[in-house]
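Working notes for the structure below.
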Amino acid sequence: MGDPLFFLESRPQYRLSQGPSHLLQSVIAAENLTKTFRDKKRGLVRAVTDVSFHCQPGEIFGLLGANGAGKTTTLRMLATLLEPTKGSATIAGYDIGSHPQDVRRSIGFLSGSTALYGRLTAKEMIRYFGQLNGITGSTLQQHTNELIEQLEIGEFQDGRCDKLSTGQKQRVSIARSIVHSPPVMIFDEPTSGLDVMTSQTIMAFIEQCRSDGLTVVFSTHIMSEVERLCDHVAIVHHGKIAAEGTVPELRSQTGESAMENVFLKVVNELEAENV
Amino acid sequence: MFKHSLSLVVFKKEFLESIRDKRVILGVIISPLLVTPLLMGTILFFAGKKEIEKRQAIIDIGIVENGSFSELTNWLEERESTKTSHFPTKEEASQAIQDRTIRAAIVVSKDAQTQYQANGSAALEILFNASNENSINGLSRAQRLIRQFDEFALEKRIRAESLPESFASPTEIETTNLATSKSTGSLVLGMILPYLIVISAAFGGIQTAFDLCAGEKERGTMETLLVSPASREELVRGKLLTILLISLIASLCAITGILAPLAFGLELFKDLVGDQISFDLLSILWMLLLVIPLALFTSSLLLVISSFARNQKEAQTYILPFISVVLLPAILSSVLGAESNIYTAFIPVLNISLTMKQIFGNLSEPLYFAISLSTSLLYAYLAMRLATALFQREQILFRT
C-alpha cells in the first residue's frame, strides 16, 4: 500500500481568517476547564481541575497522562460531549458553550474506542458523516470518492463495516473523521488496542494533518508517540496540568532525557507536593 | 430547515441499518406475515380435526345393569356411535375405565325398571376418570345419550297418556338475530384485532429501539455520533422516527397476517367469524390512523428505556415494566365491552384499544374518540420529551 495520506496534500488548507481576529494565534484556547461529577461510591469527583492551554495553527498538542488522569474528559469537553463545570474553551473561534454545533462542525474526532456502524458499508459510513456535517449533493460525492481513492478503500467500499479487518476499519474511521475537512483534529488515545502496523497508519495520518496546517490535540500515555509527534506537551496528572512545554523544554526542566523519566519525575514531584 | 434535514439524515441511516438487521426482519415481517398465519392455521386445523373426530368417534361405554333396565340398554345398543359392554359389577366396570378399555360406564340401580315404568325417575350413576381426557369425553357422551333417551322416553309417556306434544314444553322460544353475518364477523374481529395491533405496534419496535441507543453505547458508536454537528433533539427525532416506522410496519404486517387469510376465505378461519367473511375497509384505515399515536407513545417509552440502559442486555431487564404498561391494558380491552366508561379514555393504550373496538362494532362515540386521541398524543409527546431530556444528560449517555 502506498502512502495512504497523500490525499491530504490536495485538500484546501485551513485559513486562519476563518476564525475571529482575536483568536488568530490560538486555534484552540482552553481556560480553566474543570469537570466534577458525582459518584455514588466516591462522592464528588474532580475529574479535571483548571486545565488551560493554547494550541497554535499547524501544531500538535499532546496531553500525556496515565489512565484516569483526565485526558479523555478534557477532550470530551473540547468536543462538546461533556459540559464543563467551570471554565471555557474556544475552537476555531467558536465557544464550546454557546456554539457547540459550530465547534463540532470544526473538529474531526478519532479515538481508539470509537467504532463504525456494522451494518453500513464503508462508503455509506463516509457519506453519512459527510451528510451529518452538512455536506450534500455533488460536494459529498466528490469528497467521498476522493477519500475512497486516496485511502485505498475502493476494494472494500461496498463491504459492510462489521466484515472489515482492523486496518480497513481504521482507514474508514479516518475518512469518516475528515470527510468535512475540519480545521481541528482531536485524537483520544487513537492507537489504543491497535497493532503496530495500524498504529503507524494513524501516526502518519496525524503527521500529515500537521503538514496540512491542521491543529491537532492528541492524548496518549505512550511516550514514544509524544516524542515523535508532539510540538507541545502537557503532562496531566489527577486532572491537573503538572507541566507544559515542548519536549526539549520538559527535558531541560527535569534534567532527564528519556520521556518516560521526564513523565515520572513530574508526576512524582506533584505527588510529593500533595503529600 | 437544516435541523429537519439532519433528523432526516439520521432517520434514513437508522432505518437502513434496521432493515438490514435479520432479527428485525424476522420479528417484524417474516414472523407476522408467514409464521403467525401458518401457526394459527395449523393449530386451528388440528383442533378442528380433533373436535370432529371426537364427535364422530364410536366410543366404548360400559353398562352395569344385570337386566334391571333393558329398555335403556336396548336403546343404547341401537346407537351407531356407541359400543356397549356389559359388566356384572361396578368394580369391574371401574377397573375397565382405569385400564382404558372403556371410556365411561353407566351403573343402573336395581329398581330402575320399576321406577321407570311407574313414570318415576330411574337412578343412574356414571363412572368416569377425571384424569383421563378420553374418559371426560366419555362422560359428556354418556350424559348426551341419556338426555336423548329421556326425550325418547318422555315422548312415549306423553303418547301413553294421550297428552299433547306441547305438554313437555310450556314455552316456545324463537330468537331473531338482527346482526348481519358481516357485523358478527366485525364483532369477532373487533375482539381480536385491537389486541393484536396494540401488541404488535408496541413490541415490534423493541429490537430496533434497543439497537439504536443501548446498542450504540455497547458498540462504541455513540461517541462518534454525538461528536457530529447534529443536535441531541435531531438525533432523538431521527431515532424515534425509525422506531415508529418499524413499529407501524410490525403492526401492518400483523394486520395483514390475520386479515389476508380471512380475505382469501380460508375455511379454517371462516368458523371464527361467521358464514360471510367481510370487513369494512374504512374501519381498517381508522385503525391504522389510531395506531400512530399509540406507536409514537410506545416508541418513545422504548427510546427512554434504551437511552437509560448501558447496553442491550440491561435494556432487556428494564423491559418488564414496559410489557406490563402495554400488555395489561391490551388484555383488559379484549375483556371490556366497547361501551366503556369515559374515564377509560384517559388510560394510555387501553383508550386506543377500546376506540378500535368501538370502530369495529360500528359504535360511534365522538367524545370518547376525541379524548382518546388527544390524551394519547399528549402521552406520546410527554414520553418523547422524556427521551430527549435523557439524551441531553451526559451521565446517561456516557454510562458504560
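With the charge dipole of the protein assembly as shown set up from +1 on Lys and Arg Cβ and -1 on Asp and Glu Cβ about the Cα centre, the Cα lying farthest toward the positive end among the listed residues A:ALA30, A:THR215, A:GLY62 is that of A:ALA30. When A:GLU260, A:GLU124, A:GLU273 are compared by accessible area at a 1.4 angstrom probe, the order from most to least is A:GLU273, A:GLU260, A:GLU124.
For the stretch A:101-118, a drop of 30 Å² or more in accessible area on going from the chain alone to the assembled protein chains (1.4 Å probe) is found at A:GLN101, A:ARG104, A:ARG105, A:PHE109, A:THR114, A:ALA115, A:TYR117. Taking Cα centre as origin and charging only the Cβ of basic (Lys, Arg, +1) and acidic (Asp, Glu, -1) residues, the dipole magnitude of the stretch A:18-100 rounds to 580 debye.
Computed as a quarter of the hull surface, the mean projected area of the alpha carbon convex hull for the stretch A:6-274 stands at 15.3 nm².
Sorting B:SER85, B:SER247 on solvent-accessible area from highest to lowest, probe radius 1.4 Å, gives B:SER85, B:SER247. A 1.4 Å probe run over chain A, with the rest of the protein chains in place, finds 43 Å² accessible per residue. Solvent-accessible surface of chain B, taken per residue with a 1.4 Å probe and all protein chains present: 52 Å².
At the residue level, A:HIS238 shows approximately 110 square angstrom of accessible surface with a 1.4 angstrom probe and all protein chains present. If R0 equals 25 Å, the separation of the Cβ atoms of B:GLU51 and B:GLU77 corresponds to a calculated FRET efficiency of about 0.40.
Bridge orientation summary for chain A: considering DSSP beta bridges with both residues in this region, about 55 percent are antiparallel. The relative contact order of chain B comes to 19 percent, based on Cα pairs under 8 Å that sit 6 or more residues apart.
Remark: relative contact order (the stretch A:38-153) = 13 percent; criterion is Cα-Cα distance under 8 angstrom and separation of 6 or more residues.
The lysines whose alpha-carbon is closer than 23 Å to the alpha-carbon of A:LYS35, local same-chain residues fewer than 8 away aside, are A:LYS71, A:LYS86, A:LYS240, B:LYS217.
Since only B:ALA122, B:THR82, B:ASN132 are under comparison, the one whose Cα sits farthest along the positive direction of the charge dipole of the stretch B:58-168, derived from C-beta charges on Lys, Arg, Asp and Glu, is B:ASN132.
Using only Cα atoms, tell me the angle between helix B:319-335 and the longest principal axis of chain B; keep it within 0 to 90° and round to the nearest 10. In chain B, helix B:319-335 runs at an angle near 50 degrees to the longest axis. Rounded to the nearest 20, the size of the Cβ-charge dipole of the protein assembly as shown about its Cα centre is 720 debye, with Lys and Arg at +1 and Asp and Glu at -1. Mean residue ellipticity, 222 nm, helices only, chain B: the sum of -39500 (n - 2.57) across DSSP H runs of n ≥ 4, divided by residue count and rounded to 500, is -21500 deg cm²/dmol. At an R0 of 45 angstrom, the distance between the Cβ atoms of B:ILE43 and B:LEU288 translates into a FRET efficiency of 0.95. The orientation-averaged shadow of the Cα convex hull for chain B, equal to a quarter of the hull surface, comes to 27.8 nm². The heavy atoms of A:ASP162 offer some 80 square angstrom of accessible surface to a 1.4 angstrom probe. For the stretch A:142-223, applying the loop criterion from DSSP together with a ceiling of 10 other beta carbons within 10 Å to the GluC sites (Glu not before Pro) yields no site.
Checking every one of the trypsin sites (Lys or Arg not before Pro) in the stretch A:206-275 against DSSP loop status and a limit of 11 other Cβ atoms within 10 Å picks out no site at all. Measuring heavy-atom accessible area with a 1.4 angstrom probe and counting protein chains only, the residues of the stretch A:72-98 that give up at least 20 Å² relative to the chain alone are A:ARG76, A:LEU81, A:LEU82. Enter the Cα centre distance for the pair the stretch B:302-360 and the stretch A:81-117, rounded to the nearest angstrom. Centre-to-centre distance over Cα atoms comes out at 40 Å. Remark: the stretch B:58-168 carries a charge dipole of roughly 140 debye about the Cα centre, counting +1 on each Lys and Arg Cβ and -1 on each Asp and Glu Cβ. The relative contact order of chain A, computed from alpha carbon pairs under 8 Å that lie at least 6 residues apart in sequence, is 26 percent.
Potential lengthening of the chain between B:THR175 and B:LEU363 amounts to 65.4 nm, from the contour at 0.36 nm per residue minus the alpha-carbon distance. For B:LEU16, the accessible area of its heavy atoms, probed at 1.4 Å with every protein chain present, is near 60 square angstrom.
Taken along the Cα-to-beta-carbon direction at a fixed 7 Å, the label points for A:VAL45 and B:ARG157 span 8.9 nm. Annotation for the stretch B:99-168: GluC sites (Glu not before Pro) lying in DSSP loop with at most 11 further Cβ atoms inside 10 Å of their Cβ are B:GLU161. Using R₀ = 30 Å, calculate the FRET efficiency as 1/(1 + (r/R₀)^6) where r is the Cβ-Cβ separation of A:GLN56 and B:LEU16; round to 0.05. That gives a FRET efficiency of 0.10. What fraction of the DSSP beta bridges in the protein assembly as shown is antiparallel, stated in percent and rounded to the nearest 5? DSSP beta bridges in the protein assembly as shown are roughly 50 percent antiparallel.
Using alpha carbons only, how many degrees (0 to 90, rounded to 10) separate the axis of helix A:166-178 from the longest principal axis of chain A? With rounding to tens, the tilt is 90 degrees. In Å² (nearest 100), what accessible area is buried between B and A, both sides summed, heavy protein atoms only, 1.4 Å probe? Heavy-atom accessible area buried at this interface is about 2800 Å².
Solvent-accessible area assigned to carbon and sulfur over chain B amounts to 62 percent, based on a 1.4 Å probe.
The values are calculated or read from the model by the stated rules, or taken from the named source; none is laboratory data. Treat the numbers as computed from the prediction; the structure is a model and nothing was measured. When we count neighbours, we look across all protein chains shown, and the Cβ atoms used for this are built from the backbone with ideal geometry, even at glycine. The accessibility values were calculated without ligands, DNA or RNA, using every heavy atom of the protein model including side chains. Shrake-Rupley method; radii C 1.70, N 1.55, O 1.52, S 1.80 Å.
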